[in-house]
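The structure under discussion appears below in the form of structure tokens.
FYI, it's all coordinate maths here, none of it is from the lab. Please read these numbers as outputs of a predicted model, since none were measured by experiment. Virtual Cβ from ideal backbone geometry, glycine too; neighbours counted across all protein chains shown.
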Amino acid sequence: MALTEPTPAFEVGVVCEVFGQDRSAAGLPNYDFALCSADGGPVRTTSGFVLVPHAGYDRLRTADLVVVLAGPPTPSMASPALIVELIAAVDRGARVMSVCSGAFVLAEAGLLEGRRATTHWLYAPLLTERHPTVRVDADALYVEDGPVLTSAGSASAIDLCLHVVRLEHGAEIANRVARRMVVPPHRDGGQAQYVETPVPDPRAAGELEQLLGWMLGHLDEPLTVESLAARAVMSPRTFARRFRALTGTTPHHWLISQRLLLAQRMLESTDEGVEHIAARCGFGSADVLRHHFGRLRGTSPQAYRRTFRSIAA
């Protein structure tokens with residue numbers, strides 16, 4: 001993990017918790033993990049205390065994953081030495097990942113040029129202004145674009161770290177790590193649910209939570225805003241507004257997300273054909289499932305099954 005000064009304490013803790021803990025006794029992966037600073041010397045955190053790294057930036061030269069942390073975005077946040085190591089890491093096939101404002105460091109290194117990326121929603125306009133060639137997605141919790149991964153604000157570091165574990169070791173291992181950390185293995189929605197908005201009426205939230213449970217049990221059925229609004233005894237317009245207030249996304253996007261998650265579980269744990277899985281998950285046909293899988297997961301159902309079934313085996 002590459003540290004700049006001042007470095008955010010919470011994000012350091014998250015990355016250390018996922019990749020710096022030895023859980024091999026529980027049958028979980030153990031990583032060769034190191035904190036790195038420019039000269040290997042102490043680094044001040046945004047919370048005022050000091051971290052003592054394991055090594056200098058030269059340690060990054062053998063890393064398969066380089067995580068970049070940074071404090072508030074300022075011009076020229078990254079040292080030339082760090083930029084050199086980040087570019088070299090991508091060139092040799094390693095993954096490079098940023099947390100929150102660390103995306104500005106990757107942008108300075110030119111690694112986000114033409115790529116889709118995210119950062120904290122507060123900083124997204126500034127990232128677009130400073131680096132107009134970056135396709136900033138201010139709503140995403142995290143983004144994977146080739147070997148470069150970026151995450152949003154503080155807690156989204158958990159989401160991205162678990163995503164990397166899922167890529168390397170499969171969903172079951174990621175789920176077990178998440179359970180150890182007492183966090184959900186996957187969160188739906190995006191940053192929109194965390195932008196400053198009025199708190200939804202708890203009574204409306206309770207009504208919709210019951211409906212959400214019903215929807216999960218009927219994903220294979222045609223579910224329209226009109227039919228769901230009628231079940232919730234609301235007008236379609238009121239239902240759509242309250243649904244977004246509770247979940248941070250639209251009924252359509254929520255359904256697509258839940259149907260994809262069910263398809264992933266079936267691909268991982270059953271031998272059912274893609275056509276059957278598509279029907280069971282409410283996509284109707286394998287072509288529609290492949291479309292959404294490619295758009296939102298960046299791969300095909302069959303490729304996903306080959307990857308995660310072989311890892312599980």
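Output needed for the stretch 1-126: three equivalent-ellipsoid semi-axes, defined as square roots of 5 times the C-alpha gyration tensor eigenvalues, in descending order, whole Å.
Working: eigenvalues 95, 60, 47 Å².
Whole-Å semi-axes of the equivalent ellipsoid: 22, 17, 15.
Computing FRET efficiency as 1/(1 + (r/R0)^6) for residue 133 and residue 306, where r is the C-beta to C-beta distance and R0 is 30 Å, gives about 0.30.
To the nearest ten degrees, helix 251-269 and the longest principal axis of the Cα atoms of the chain are 80 degrees apart.
Counting helices only, and only those DSSP H runs with n ≥ 4, report the 222 nm mean residue ellipticity of the chain as the sum of -39,500 (n - 2.57) divided by its residues, in deg cm²/dmol to the nearest 500.
Working: 13 runs with 146 residues, N = 313.
Value at 222 nm, helices only, nearest 500: -14000 deg cm²/dmol.
Helix 171-181 and the long axis of the chain differ in direction by around 70°, with both axes built from C-alpha atoms.
Placing a label point 7 Å from the Cα of residue 39 along the Cα-to-Cβ direction, the residues of the stretch 60-89 whose backbone N falls under 15 Å of that point are 79-82. Listed values for the stretch 80-92 are Karplus-derived 3J(HN,Hα) couplings in whole Hz (6.51 cos²θ - 1.76 cosθ + 1.60, θ = phi - 60°), namely x, 5, 5, 4, 4, 5, 5, 4, 5, 4, 5, 4, 8, and x replaces Gly and Pro.
In plain terms, the residue of 272, 144 with the fewest other Cβ atoms within 10 Å comes first and the most crowded comes last, giving 272, 144. Across all directions, the shadow cast by the convex hull of the chain built on its C-alpha atoms averages 17.3 square nanometres. Considering only alpha-carbon pairs that sit under 8 angstrom and 6 or more positions apart, the relative contact order computed for the chain is 11 percent. Between 33, 49, 19, the Gaussian network model of the chain with springs among Cα atoms under 10 angstrom shows the greatest mean-square fluctuation at 49. Taking a point 7 Å from the Cα of residue 179 along the Cα-to-Cβ direction, the residues of the stretch 22-37 with backbone N closer than 14 Å to it are 26-28. The stretch 253-312: percent of C-alpha pairs farther apart than 14 Å? That fraction is 46 percent. Taking amide H positions as modeled 1.01 Å from N, with prolines and chain starts lacking one, the residues under 5 Å from residue 97 and 5 or more places away or on another chain are 66, 67, 68, 149.
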